[in-house]
Amino acid sequence: MIISPPVIPAAERTRERNSSGFTLVEILVAITIIAILSALCYPVYTNYIDKAKITRAIYSLEETRKTLEDYHITVGSYPTDINFTTGYDPQGRPVLSPMLLESYKSSLSTVDSYVLADDTYTLPVRATDKKHTRLVLTLGQIITQGP
């Protein structure tokens, strides 16, 4: 006796074949949703990164203030000038540590100039964010001035 395989109607064969994967429309809808979410999240992410860069620059300036106060206590005055490549004052005394100078390289795009006047100082710098936010370190505060 010969046994023949069962006969499956064409409608059931089509249903089985289609239910095993995603259709092109479903994949396109998923890709579209991912693209929309990415477009919404990217500006938020870049803004977060810029704020973090400004915070890092402010931290570097706070460390600079502490270093200048230590210098003032040790020497009796603030330095008249600072070489931001070596970290020394004109008399060859160390002002800024090598570690602080390294943090400048990663957190500050430029150090404009150090100015000493009437036993107070001003140090304007620019952060590494997209707008290169201008920050000014003074004896009592750090001022954020924008681009």
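Yes or no, residue by residue, for (1) closer than 19 Å to LEU61 by Cβ; (2) surrounded by 12 or more Cβ atoms within 10 Å (Cβ to Cβ):
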{"site": "THR74", "(1), (2)": "no, no"}
{"site": "ILE82", "(1), (2)": "yes, yes"}
{"site": "GLY87", "(1), (2)": "yes, yes"}
{"site": "PRO90", "(1), (2)": "no, no"}
{"site": "PRO94", "(1), (2)": "yes, yes"}
{"site": "LYS105", "(1), (2)": "yes, no"}
{"site": "ASP112", "(1), (2)": "yes, yes"}
Pair list, Cβ under 7 Å, 6 or more apart: the range 37-51 residue surrounded by 10 or more Cβ atoms within 10 Å (Cβ to Cβ), other residue of a type outside the set (A, V, I, L, M) and modelled with pLDDT under 95: ASP50/ASP129; ASP50/LYS130
Given (1) closer than 30 Å to THR46 by Cβ; (2) in a loop (DSSP other than H, G, I, E, B), number of the condition GLN91 does not satisfy: (1)
Quick one: how many residues across the range 34-58 are hydroxyl-bearing (Ser, Thr, Tyr) and in contact with a helix residue (DSSP H, G or I) (Cβ under 7 Å, 6 or more places away or on another chain)? 0
When you scan the range 110-119, do you find a residue that is under 14 Å from ARG65 (Cβ atoms), modelled with pLDDT of 90 or more and not in a strand (DSSP E or B), even just one? yes
Which one is nearest to LEU116 (Cα to Cα), of the residues in the range 67-100 that are in contact with a Phe, Trp or Tyr (Cβ under 9 Å, 6 or more places away or on another chain) and of a type in the set (Phe, Trp, Tyr)? TYR78
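Which of the following residues is farther than 25 Å from LYS130 by Cα, in a helix (DSSP H, G or I) and within 28 Å of the chain's Cα centre (by Cα): ILE33, ILE73, ILE49, ILE58?
Just one listed residue meets the conditions, ILE33.
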Restricted to the range 127-147 and to residues being in a strand (DSSP E or B) and touching a residue at least 40 places away in the same chain (Cβ under 8 Å), the residue surrounded by the fewest Cβ atoms within 10 Å (Cβ to Cβ) is THR144
Check whether at least one residue in the range 72-93 is modelled with pLDDT under 95, small (Gly, Ala, Ser) and in contact with a helix residue (DSSP H, G or I) (Cβ under 8 Å, 6 or more places away or on another chain), and report yes or no. yes
Cβ-Cβ distance below 7 Å, separation of 6 or more or different chains: which pairs start in the range 99-114 with a residue that is closer than 15 Å to HIS132 by Cβ and end on one that is part of a loop (DSSP other than H, G, I, E, B) and among the polar types (S, T, N, Q)? SER107/THR128; LEU108/THR128; SER109/THR128
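The values are calculated or read from the model by the stated rules, or taken from the named source; none is laboratory data. Everything quoted here is computed from the prediction, not taken from an experiment. Heads up, the Cβs are rebuilt from the backbone with ideal geometry, glycines too, and the neighbour counts pull from every protein chain shown.
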